[in-house]
Amino acid sequence: MIGEPFIQLKKVKSTNTYAKREAQIGKALHGAVYMAHTQTVGKGQWGREWQAAAGENITLSVVLNPLEQYAHQSFFCSMVLAVGAYQFLKTYVDDALSIKWPNDLYWRNRKIGGILIENIYHGKQWNWIIGGVGINVNQTVFNGLLNKAVSIRQITGKKFDIIFLARELCFMINGVWESLQQKGLEWLRSLYNEVLFCKNQTAIFKKDNIQFEAKVIGVDIMGNLILEHGTTEHVAYGRVEWIL
């Protein structure tokens with residue numbers, strides 16, 4: 001079960017780095033979760049740092065065994081974590097939640113959580129998935145990110161027990177993981193697309209340093225973003241950037 005064991009770390013540079021090392025030396029099991037109270041060099045997408053005030057947010061990494069049937073559709077893991085995190089947040093935040101492709105959680109136009117997937121290979125064999133999840137919970141000040149980041153506390157006005165919420169998040173992710181194995185990838189993609197940020201709306205993107213407008217249609221089975229701008233284009237992760 002995802003979340004067993006649930007290992008609490010007082011202070012680490014990055015939970016993903018820690019979890020990767022544990023997996024590489026054979027100390028991690030499928031479902032193991034490493035939760036840090038303080039992360040000094042948290043990782044975000046595109047090599048950015050993930051800002052998280054000590055002791056105020058969920059900062060954890062989960063170790064997963066890849067599912068062989070989806071070895072050529074690796075985006076499935078981003079969808080599992082994103083949908084699980086969305087369902088977790090939905091129990092506290094009633095509306096205006098969405099998943100921003102590829103793997104951010106948004107409340108209105110502000111980021112409330114993020115996911116970073118790192119894979120471990122031995123030659124061509126895909127051995128481990130390390131899924132880092134960060135959720136803003138009790139933090140109320142985000143340096144340099146005014147009106148770009150938001151926390152559950154800011155939305156609800158309530159303060160929460162971080163560990164209780166982290167365990168609940170693991171439970172939600174586990175439910176999605178188990179349902180995927182029963183219902184299949186198309187079921188998961190449908191859930192992901194139902195709550196996709198800006199779906200059926202026109203948004204601004206940048207590709208090769210050129211900005212353009214396109215209608216967001218959805219995400220395909222390989223995890224490409226489907227955009228419509230005169231023609232229909234399936235865009236791979238890293239090829240375009242949202243301009244918000």
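Every read-out reported here was derived from the displayed coordinates using simple, explicitly stated rules and does not represent laboratory data. Every value quoted in this text rests on a predicted model; they were computed, and no experiment measured them. Every residue, glycine among them, receives a Cβ derived from its backbone with ideal geometry; neighbour counts consider all protein chains shown.
With a simple spin-label model that places each label point 7 Å from the Cα along the Cα-to-Cβ direction, the separation between E213 and A96 comes to 2.4 nm.
Given R0 = 45 Å, the distance between the Cβ atoms of T40 and E228 translates into a calculated FRET efficiency of 0.60. Any aspartates and glutamates with Cα under 13 Å of the K158 Cα? List them, leaving off those in the same chain fewer than 8 positions away. Filter leaves E56. With neighbour counts taken as other beta-carbon atoms within 10 Å, the residues M222, M35, M172, M1 rank, fewest first, as M1, M222, M172, M35.
Straight Cα distances below 24 angstrom link K20 to the lysines K10, K11, K43, K124, with same-chain residues fewer than 8 positions distant left out. Taking θ as phi - 60° and the Karplus parameters 6.51, -1.76 and 1.60, the scalar couplings of the range 221-231 work out to 5, 8, x, 7, 7, 9, 10, 10, 8, x, 9 Hz in sequence order, x denoting glycine and proline. Sorting T202, T38, T17 by the number of Cβ atoms found within 10 Å of their own Cβ, with the fewest placed first, yields T202, T38, T17. Each residue of the range 4-18 is assigned a 3J(HN,Hα), and the resulting list reads 10, x, 10, 9, 9, 10, 5, 7, 9, 5, 8, 5, 5, 4, 5 Hz, derived from the Karplus form 6.51 cos²θ - 1.76 cosθ + 1.60 (θ = phi - 60°), x at Gly and Pro.
By the gyration tensor of its Cα atoms, with a ≥ b ≥ c the square roots of the eigenvalues, what is the shape of the range 76-115: rounded for a/c under 1.5, prolate for a/b over b/c, or oblate? Oblate, because a/c is 1.5 or more while a/b does not exceed b/c. A Förster radius of 35 Å combined with the Cβ-Cβ distance from K27 to K148 puts the calculated FRET efficiency at roughly 0.40. Cross-link reach is defined here as a Cα-Cα straight distance under 20 Å, omitting same-chain residues fewer than 8 places apart; for K207 the lysines meeting it are K100, K199, K215.
Close amide H contacts of F75 (hydrogens built in the peptide plane, cut-off under 5 Å, sequence separation of 5 or more or a different chain): none are found. Computed extension gain for E68 through A54, at 0.36 nm per residue and net of the alpha carbon distance, reaches 1.3 nm. Among Y86, Y70, sorting on how many other beta-carbon atoms sit within 10 Å of each Cβ, with the fewest leading, yields Y70, Y86. Applied to the range 176-191, the Karplus parametrisation 6.51 cos²θ - 1.76 cosθ + 1.60 on θ = phi - 60° returns per-residue 3J(HN,Hα) values of 5, 4, 5, 5, 4, 5, 8, 9, x, 5, 5, 4, 5, 4, 4, 4 Hz, with x for Gly and Pro. With both labels modelled 7 Å from their Cα along Cα-to-Cβ, the F171 to V141 distance reads 3.4 nm.
Here's how it looks for I58: its modeled amide H is under 5 Å from those of I135, V137, which are all 5 or more places away or on a different chain. Just from its helices, what would the mean residue ellipticity at 222 nm be for the chain, if runs of 4 or more DSSP H residues each count -39500 (n - 2.57) and the sum is divided by every residue, rounded to the nearest 500 deg cm²/dmol? Mean residue ellipticity at 222 nm (helix-derived): -8000 deg cm²/dmol. Under a model in which nothing but the beta-carbon of Lys, Arg (+1) and Asp, Glu (-1) is charged, the chain shows a dipole of about 700 debye around its Cα centre.
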